[in-house]
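Presented below is the structure to which this report refers.
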Amino acid sequence: MGRRHNRYSLFVFVFVFVFVESMTVSTNQWILIGLTCLGLILIAATYAIGRRLIYQALFRLLDLVIKDEIESEERQLSNRLALFLSILCLSAYSNFLFKLVTSSPIQQILEGILDSTIDLVLIVCTGATFFSLLNLTYKIYSFSPIADEVPVKGVVQVIKIAVFFLTGLFVIATILQQKIAVLLSGLGALSAVLMLIFKDSVLGFVAGLQLIANRMVSKGDWIEMPKYGADGDVVDIALTTVKVQNWDKTITTIPTYALISESFKNWRGMKESGGRRIKRTINLDLSSIKFCDQKMLDQFSKIQYIAEYIQQKQKEVDQYNLANEVDSVSLVNGRRLTNVGTFRAYAESYLRNHPDIHQGMTFLVRHRQPTEHGLPIELYVFSSDQVWANYESIQADIFDHLLAVIPEFNLRVFQAPSSSDFRSFLSNQDQL
């Protein structure tokens, strides 16, 4: 009851005050008050109607491009455009209203203050409208097919900085009643300070242009930059920083200009090639390498992948040895097949028939330089599946099979002896 009584008392006080004051107001002043109220109503209506009409126009214009993803940007731009139109209407209506009133010093002061205020609001509103237009344009561009290949976020940020800087200059020029050219000439002496303040922005802008022109890196690329601990996909390319989401889901931030001044590895070429490289070696024990006798050849000829190879090679060897009258008493004489060469032929045939190996790219099964760790047999092929998990599974399946097959060729995989091996060897010696 107390709060309601206080509200009624306030309402009665305001009503009585307005009624008493109205007794002393002349007819011309009442007309001026009425025109002012009418003007405020028209300006409010202009904002409300303009916002609705502009939003509908933008929605119909851009509805064919993107559906709901840019609704917030559309509303923001329509609100600021409607506010801009309302301020223009306010400026025109205030000039009309002041012409109806008899000129006086107070009126001139009020008119100057109102004009300056409207100019300041117009400048700020223009800058804000341009910001919204940039946001909407960038949002639309981000959904285009080339957005990931040609990132323009850094360029948009530079334009925003320039708009913010110019808006500030126009505001200061309006407050000080100075021409913009005078302020710009005065900023020449501060160019060194400005360059120091915006050093990262300038370097990032230049680097961003080079990245775009040379297509060095794009959003979604897998890059490696060990200096910054980056190994993952590029998720954002901004004016001063590039964000990389590593495979452990951490985010590494790299200065944009570092991608120009320093080296990094981009795996985009691998993605575009259609294959992913498998490069791995199997070290064979040198002491297990030997010539193939007839028993071994008969065993190898039963293996489906190399049955034809064994027949063809054996025919070539027999013809050569017969033509050169080679004494077959020793396997050292003449040409002979070896178990390691046969295994290499099997590995190549196995990979040729593998459904997940890209047959149109580099394909090698080769010997490397023998070392103290045995004879390396290197597989240099490409998988047709580039997805990391699938690639690792394909690679593991291939080497699981080859490691299991090696004993069938009377070969052994090299393995450094452990302490248990020495103990087993010594126990065997003691038994002997």
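The values are calculated or read from the model by the stated rules, or taken from the named source; none is laboratory data. Quick caveat, the model's predicted, so the values are computed rather than measured. Neighbour counts are summed over all protein chains in view; Cβ atoms, including those assigned to glycine, are modelled from backbone coordinates with ideal geometry. Surface areas here come from the heavy atoms of the whole protein model, side chains and all, with no ligands, DNA or RNA. Shrake-Rupley method; radii C 1.70, N 1.55, O 1.52, S 1.80 Å.
Results, tabulated for the structure shown:
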| quantity | calculated |
| --- | --- |
| Some residue of segment 305-315 being open to solvent by less than 50 Å² (accessible area, probe 1.4 Å) and under 52 Å from the mean Cα position of the chain (by Cα) | yes |
| Any pair with Cβ under 9 angstrom, 6 or more apart, that starts in segment 354-369 at a residue that is in a strand (DSSP E or B) and ends at one that is of a type in the set (S, T, N, Q) | ILE357/SER383; ILE357/SER384 |
| Filter result (open to solvent by 50 Å² or more (accessible area, probe 1.4 Å) and in contact (Cβ under 8 Å) with a residue 40 or more places away in the chain) within segment 153-163 | LYS153, GLN157, ILE161 |
| Residue satisfying condition, being touching a residue at least 24 places away in the same chain (Cβ under 8 Å) and not hydrophobic (A, V, I, L, M, F, W, C), within set LYS249, LYS271 | LYS271 |
| Single residue of segment 252-290 satisfying the filter (among the charged types (D, E, K, R) and part of a helix (DSSP H, G or I)) that is least open to solvent (accessible area, probe 1.4 Å) | ARG268 |
| Number of positions in segment 212-246 that are in contact (Cβ under 8 Å) with a residue 12 or more places away in the chain, closer than 23 Å to VAL158 by Cα, in contact with a Ser or Thr (Cβ under 9 Å, 6 or more places away or on another chain) and in a strand (DSSP E or B) | 5 |
| Lone qualifier among LEU166, LEU134, LEU183, LEU120 - being touching a residue at least 12 places away in the same chain (Cβ under 8 Å) and surrounded by 17 or more Cβ atoms within 10 Å (Cβ to Cβ) | LEU134 |
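Residue-wise test of (1) more than 28 Å from SER301 (Cβ to Cβ); (2) aliphatic (A, V, I, L, M); (3) at pLDDT 85 or above; (4) not in a helix (DSSP H, G or I).
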residue	(1), (2), (3), (4)
ASP327	no, no, no, yes
PHE343	no, no, yes, no
ALA347	no, yes, yes, no
PHE382	yes, no, yes, yes
ILE398	no, yes, yes, no
